[in-house]
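First the structure, in the form of structure tokens, and then the observations on it.
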Amino acid sequence: MKDTLERIRTCAKELADSCSELKTLDDIRVRFLGKKGELTSVLRGMGALSADERPIIGALANEVRADIENAISTKKKMLSDAAAQIKLKAEKIDVTMPGKAKKLGKKHPLTQVLDEIKDIFIGMGFQIASGPEVEYDSYNFEKLNMPKDHPARDTQDTFYITENILLRTQTSPVQVRVMENSTLPIKIIAPGRVYRSDEVDATHSPLFHQIEGLVIDRNIRMSDLKGTLDLFAKRLYGKDTVTRFRPHHFSFTEPSAEMDICCFSCGGKGCRLCKGEGWIEILGAGMVHPKVLRNCNIDPDVYSGFAFGMGLERIVMRRYNINDLRLLFENDQRFLNQF
């Protein structure tokens, strides 16, 4: 048994000394010192020894185990140090090399134009208001003078969640909530996402953005509406911008109008951009309907107001001469890098 133990010691140390990988070194440890290792197998046979031989063989076995563990530990440290040196050399950084320039992102064209519009209206004393995109039917339609039997609701392609809850089709519900919960006077714009059940194509999307405005105070007149929107157009498109107002109909305003600007491409002569008309429609507006004021607990005999609404995508597409609405939502880097 002594010869066997000496052979195990010699073999294990030689294998450890010649080992060049940590994985192989661990295999050597398992081979000789593991539960089923060679040294363990020898020790299991000590029961057949005499009482005088057992202490001697036991001491020798402990010495062999200690020598093997020491040889493996020493070799493991050498291999670990060598691996660390190789890694350090591979990861060495030349601090004198120029850094790699990071590509900085920019605002999306929708955000750029929205920020510009916000700045214009904030400069005129407006505040920014927001509201939920999942809205009650009463706020989206009924309080805006569109009861359940109103014919205008037959044409609304609306995403209903339940009979009385829907994805808002306009940001007008924000105006209703502000009128119900704010002290007068009111002067706000309400930008945000809206949803309609449209097929996706070059000019339609089930998700788009609106910017609506509302002013409520004593003695607000149609002239205030025209002056505000004319100033807005001049600040957005340039001081030489010419506007016109055409009669129209909206359920929540009376009288109602649509505002056009003289085509900034052809100067009113007619071109592809304005489809030969010389004018480009920008937004709809009007004086707040008395029924809407009453629905929001505002006395129309004391207070009056005007409201307006515009599509952000339409303004952006005309600003940058974009002919496909889908480009604004597809995150194509070739498109976005132009801005």
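Some values worked out for this structure:
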quantity: Criterion violated by Glu14 - all others in (1) free of Cβ contacts under 8 Å to residues at least 40 places away in the same chain; (2) touching a Ser or Thr at 6+ places or on another chain (Cβ under 9 Å) satisfied; calculated: (2)
quantity: In region 91-139, residue surrounded by the fewest Cβ atoms within 10 Å (Cβ to Cβ) [restricted to those that are acidic (Asp, Glu) and over 30 Å from Lys187 (Cβ atoms)]; calculated: Asp94
quantity: Any chance Leu88 is surrounded by 12 or more Cβ atoms within 10 Å (Cβ to Cβ), hydrophobic (A, V, I, L, M, F, W, C) and modelled with pLDDT of 80 or more; calculated: no
quantity: Only listed residue being of a type outside the set (Gly, Ala, Ser), in contact with a His (Cβ under 9 Å, 6 or more places away or on another chain) and not in a loop (DSSP other than H, G, I, E, B), chosen from Leu88, Leu114, Leu60; calculated: Leu114
quantity: Qualifying residue in region 26-34 (condition: touching a Phe, Trp or Tyr at 6+ places or on another chain (Cβ under 8 Å), under 25 Å from Lys75 (Cα atoms) and touching a residue at least 40 places away in the same chain (Cβ under 8 Å)); calculated: no
quantity: In region 286-318, residue farthest from Asp201 (Cα to Cα) [restricted to those that are in a strand (DSSP E or B) and within 32 Å of the chain's Cα centre (by Cα)]; calculated: Ala307
quantity: Region 171-196, residues that are in a loop (DSSP other than H, G, I, E, B), of a type outside the set (A, V, I, L, M, F, W, C) and in contact with a Phe, Trp or Tyr (Cβ under 9 Å, 6 or more places away or on another chain); calculated: Pro185, Arg196
quantity: Region 221-255: number of residues that are closer than 21 Å to Val292 by Cα, without any contact (Cβ under 8 Å) to a residue 60 or more places away in the chain and crowded, with 19+ Cβ neighbours inside 10 Å; calculated: 2
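The values are calculated or read from the model by the stated rules, or taken from the named source; none is laboratory data. Every value quoted in this text rests on a predicted model; they were computed, and no experiment measured them. Ideal geometry is used to build each Cβ from the backbone, glycine not excepted, and the neighbour counts take in all protein chains shown.
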